[in-house]
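Every number here is computed from the coordinates shown, using simple stated rules; none is lab data. Just so we're clear, the structure is a prediction, and the values are computed from it rather than from any experiment. Positions of Cβ are generated from backbone atoms using ideal geometry, with glycine treated the same way; all protein chains shown enter the neighbour counts.
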Amino acid sequence: MAAQPPADKRDESDRGESDRNEGCRRGFLEDVIRGLSELQKTLPCKYLYDEAGSELFEQICKLEDYYLTRTEAQIFSDHLAEMAQAIGPDAVIIEPGAGNCAKAEPLLASLERPAAYLPMDISPEILLAARRRIHTHLPNLDIHAGVGDFTEDETWAAQPPMEARRRVIFFPGSTIGNFDPDQARGLLRAFASRLNKGDGMLIGTDLDKDPVILERAYNDSEQVTARFNKNLLTRINNELGADFDLSRFAHRSFYHPLRCRVEMHLVSLTRQSVSVAGRAFAFLEGETIHTENSHKYSLAGFRDTLRSTGFVPIRHWSDSSSHYAIHFAEVH
C-alpha cells in the first residue's frame, strides 16, 4: 500500500481544491447574473462545456449535418505529415481548450520526438481520461494537463516552463470563431505574447460559405445541438440553484450575413420569471439568451488577422470545397 501524506497535508490539499471549486462557482454565478441582467441576455459560451455538454458536443461532431469536424479531420488526414514537418522535431505542443484531446493524438504521433504535450480544459474528468488514453499509445510523452480556463492567466501560469523548447499552440476546431473579431485578435495577441520568436501556432478556421450549409450544421435534424444548448440551463439549475423550466425554452440558430457568424440562442416560449440564486429575471415571450457565436472567415481575412496579432502566416491547408482551413503561423 502506498504511503499516505500526513493528515495536515491532505487537509491542506482538500481545502485548496474546495477553494478552487468555490472560486469557479462564484465566477460562474457572477457571469450568469451579469449576462442575464443585460438588455440582450447572454451567457458565456465556455459554460456550455461541462462534462455533459462536452459529451453532447462529441455527439454533434459525429452528425452528418455538422460538416466542420469531418472536414477538418480529412484535412488533417491528408496533410498531417506536412504539418508535422512545419512544426519540426522536439516541439512542445500546447492545446488550449483541449477537450478529449482526440485531435491532438494523431498529430503527436506524427511528430518527430515531441518533447511534451500541455492540454488545458475546464473539465478535469475529460482531461484526465484523455491523458490516460494518450499514455497507452505514447508512453514516453511528457504530459502536463492543466485544468482551467485558457483565457485566464492563472491557467497558463500553472503550466511548467518550456522556454528552451520550440513551442507550438494547437488550436483546432474553429474555436477562434466563438470569439468576436476584437476578442479573437486579443486572444491571438495573448497567444503570441506567451511564445518566443520562431514559435508557432496551428489553428483551424471555418470559412464563410452558403448560409444553407451553415444553418443546417447548427440546427441538426437529430436535435443534438438543441440538447447541447439547453444543457446550459440544466447546469445553471444544478450548480446555482436556478429554476429554469427547459420545456419553456427552445433552441434557435441562424446565420447573420453582415457579421459573418452563426448565432446560437435560447428562446423563451412564454412570458415568465426565472430565479437564479434568489435573483429574479423576467422574460418576455420570444426574448432570447444569446449563448454562442461562430464567426466565419475568409482565407485572406484570417491571414490579415494573424499579421495584426504578432504572427506571420506560413501556409494553410484546405478541403476541395474550401469549407474549412488549417493555418500554420509563427511569431515574428
- Query: By how many nm would the segment from ARG70 to ASP243 grow when fully extended, if each residue of separation counts as 0.36 nm and the alpha-carbon distance is taken off?
  - Reply: 58.6 nm
- Query: Count of lysine pairs in the chain with Cα atoms under 30 Å apart, counting only pairs 8 or more residues apart in sequence or on different chains?
  - Reply: 21
- For GLY146, residues with placed amide H under 5 Å, excluding near neighbours: MET120, ASP121
- Can you list the HN-Hα couplings for the range 191-205, worked out from phi with the Karplus curve (6.51, -1.76, 1.60; θ = phi - 60°), rounded to whole Hz and with x for Gly and Pro? 4, 4, 5, 8, 10, 9, 4, x, 5, x, 8, 10, 9, x, 9
- Message: Please compute the modelled spin-label separation between THR234 and SER77, points set 7 Å along Cα→Cβ, answer in nm with one decimal.
- Response: 3.1
- Given the options PRO160, PRO124, PRO89, state which has the largest fluctuation in a GNM of the chain using a 10 Å cut-off (strictly under) for Cα springs. PRO160
- Task: Take the alpha carbon atoms of the range 139-170, find their center, do the same for the range 231-286, and report the distance between the two centers in whole angstrom.
- Result: 34
- Note on the structure: As a percent rounded to 5, the proportion of antiparallel DSSP bridges among beta bridges in the chain is 65
- Take the alpha carbon atoms of the range 45-72, find their center, do the same for the range 172-220, and report the distance between the two centers in whole angstrom. 16
